1. Compute the relative contact order of the range 3-189 as a whole-number percentage, counting only Cα pairs closer than 8 Å that sit 6 or more residues apart in sequence.
2. Counting DSSP beta bridges with both partners in the chain, what percentage is antiparallel, nearest 5?
3. Given a Förster distance of 35 angstrom, what is the FRET efficiency for residue 342 paired with residue 227, based on the Cβ-Cβ distance and rounded to 0.05?
4. Using 0.36 nm per residue of separation minus the Cα-Cα distance, give me the extension gain between residue 16 and residue 333 in nm, one decimal.
5. How big, in percent, is the set of alpha carbon pairs in the range 3-189 lying more than 31 Å apart?
6. Taking only C-alpha pairs under 8 Å that are 6+ residues apart, what is the relative contact order of the chain in percent?
7. Stokes-Einstein at 25 °C, 0.890 mPa s, Kirkwood radius from Cα pairs: D for the range 166-301 in µm² s⁻¹?
8. From zero outward in steps of 10 Å, how is the percent of C-alpha pairs of the range 241-297 spread across the bins?
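Taken together, the values in this text are just the output of simple stated rules run on the coordinates, not laboratory data. Being a predicted model, the structure only gives us computed values, none of them experimental. We place every Cβ from the backbone using ideal geometry, glycine too, and count neighbours over all the protein chains shown.
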């Protein structure tokens, strides 16, 4: 996977955008990253898909900030459009909301080749992508991610889904987008908490497979949240694209992208998806996974210390005390049993030999896990 430099603008001024090609056989698509892409969305969607009808999925907050812009540029490109606006937050990733969305798409008279356009963060992208994957047995969809987390992670790779009472993202399909437009200008309206939460996924990909990338982020410290953001996003997306192309349906190495998510999703489930945003849970899980790797004698303590210190420097939590609900070892372990990597009843953790060197475990001794969680401050029950 390589970053593709875009062509020069008409006045021969260098474009600031970056393009990452995701070369899946028969379903290749571009992830375009840079400032000013949203005002060009109508033209780019028309060029990519050649359709004249689209269906926008967004949430109330993003719609207020960017919805009129998208509707205007679609109209300018000769694309008529309908919209479905959901309540912000994980509460919208429910089967009931999905059913209403699919009915709205079908009721609007879209044909099988017409695109569903996701304008928003990870919740909107997951919901819209799932609806596109099942409406008329599969419709194209376009991701226009407006959160840092979505731009670096959830908008790329084709994972879609909704939550269940049994856990997060347990109902869904793999359905790749046809185009991703990550306009970094939309991040200007992003609350600092959400920006930090999105950054957790950038740090995660560096820890998974690129020690030199982590070194660069570490040198920038808190400035990494803002400095050279298009390049940083493109680097993270390029890494994810390489993993996705090698293992689209997560039968092998793609599971590495879940570093920190086993612990993180467990926290989210215990908190019933309230009081903590996904990136914060990932940051805790990332730091805990590094410390667990040290506990198992796999990673040097200095690497775990570096990861923890960097996350703290950018304002992210790194231990279970940041959970919005009191956790116990038994409750967290029960929640982690619903993790998608569980096989034959055994929780498979993503562990590290060090920064940039991670692997999928075949399971760990439950007594060692219980002892570790106790050392992390969690009572048994």
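1. With pairs under 8 Å counted, the relative contact order is 23 percent.
2. 40
3. Efficiency, from the Cβ-Cβ distance: 0.35.
4. Contour length minus Cα-Cα distance gives 109.6 nm.
5. I get 10 percent for the Cα pairs in the range 3-189 exceeding 31 Å.
6. Relative CO of the chain lands at 14 percent.
7. 151
8. P(r) for the range 241-297, in whole percents per bin: 24, 38, 34, 4.
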